[in-house]
Amino acid sequence: MENPISSITSICSISSITSISSICSISSIFNLKKKTLPMEKKYEFLRKSANWKNLYFYQKAETLYQLTFVFCERFLNKHIDRTVDQMVQSARSGKQNIVEGSEDGKTSTEMEVSLLNVARSSIGELKEDYKDFITSRKITLWNENHPRFANMQEFTKKNNSLEQYEDYFYKWTAEEMANIGLTLCYQVDAMMFSYLKKLESEFVSQGGIKERMHAARTGYRQEQDDKMKALEKKVAEQEKTINDYQEANAQWQAKYEELRQKATEAYSDLRKQLAEAKKRLGEE
């Protein structure tokens, strides 16, 4: 007689039920990769203007102011010559407007250009004062034909900071100081003109403060919109993944219920067979 217990185990085994559980694991629903959101791009509208202390034409302008101050002190009578105040103020205006222009340039290229042009005008006035001094005092103007012109040009082009000049302030003659002051005026003006052309190019390509503010705001909002779309897409993907797991879980539940029903029926049949077998044995 066939062993009824073995027939039941062939219908349903615990291992067959547990193998179905591999269809869907609850823990796998939450096994979603965590992605770090990209850092927000820093949107700036303030222009990164150069530090005025590092501008060569500012360094030369500062040297020119100090040289002019000593020049007027040594070679002009401040009590009777109004040129003293004019030269010192022109030299100071040139230096100070470079500083103010550089600072204001962070928010307004227009203001920076305006102040730098004021500085150029002041340096231009100072240049004329040095020329007038050389002419009125019958001092030699060092041009390209003068034997000391080349050395002066080399020295002033190579050196910018005050420290490189001040040791000579009380050693140079009026002729030497006037020609060096005049040369510095030309150099500062030329360097500022080149810098203004650079600002012009930047303004054309980047715009002014209003354009930069608009670009910064538009860029920020676009980034937020893109980020929101990316998050919505990710949420949709995760919802689909969860739905897929839930569907697989429902299939597992249905299969489990089917196997449980078969096992129950098999167990019931076994009990009937066992009862009949005992009854037959009793009759015998």
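Taking 0.36 nm per residue of separation and subtracting the Cα-Cα distance, what length does fully extending E202 through A275 add? Numbers along the way, then the final one.
Numbers: separation 73, 0.36 × 73 = 26.28 nm, distance 10.10 nm.
Answer, rounded to one decimal: 16.2 nm.
Quick one: if you stick a label point 7 Å off each Cα along the C-beta vector at D244 and H79, how many nm between them?
Output for this residue pair reads 9.9 nm.
Under the Kirkwood approximation for Rh and a Cα-based Rg, what ratio Rg/Rh is obtained for the range 232-271? Walk me through the numbers before you get to the answer.
Values: Rg = 17.3 Å, Rh = 12.2 Å.
That ratio is 1.42, to two decimals.
Output ³J(HN,Hα) for the range 179-189: one whole-Hz value per residue in order, computed from phi by the Karplus curve 6.51 cos²θ - 1.76 cosθ + 1.60 with θ = phi - 60°, and x for Gly and Pro.
With coefficients 6.51, -1.76 and 1.60, one gets 5, 5, x, 5, 5, 4, 4, 4, 5, 4, 4 Hz.
How fast does the range 106-202 diffuse by Stokes-Einstein, in µm²/s, taking the Kirkwood radius from C-alpha pairs at 20 °C and 1.002 mPa s?
143
Between M228 and K131, how many nm apart are label points set 7 Å from Cα along the C-beta direction?
For M228 paired with K131, the spin-label model returns 6.3 nm.
Can you give the extra length, in nm with one decimal, that the chain gains between A254 and T140 once fully stretched, where that is 0.36 nm per residue apart less the Cα-Cα distance? Could you put the intermediate results ahead of the total?
Working: separation 114, 0.36 × 114 = 41.04 nm, distance 11.05 nm.
Extra length available between A254 and T140 comes to 30.0 nm.
Can you put W252, W172 in order of accessible area, largest first, using a 1.4 Å probe? Walk me through the intermediate numbers first.
Details: W252 55, W172 30 Å².
Most to least solvent-accessible, the answer reads W252, W172.
The values are calculated or read from the model by the stated rules, or taken from the named source; none is laboratory data. Small disclaimer: the values here were computed from a predicted structure and weren't measured. Backbone-built Cβ (ideal geometry, glycine too); neighbour counts: all protein chains shown. For the accessible areas, the whole protein counts, side chains as well, though only heavy atoms, and no ligand, DNA or RNA atoms are used. Shrake-Rupley method; radii C 1.70, N 1.55, O 1.52, S 1.80 Å.
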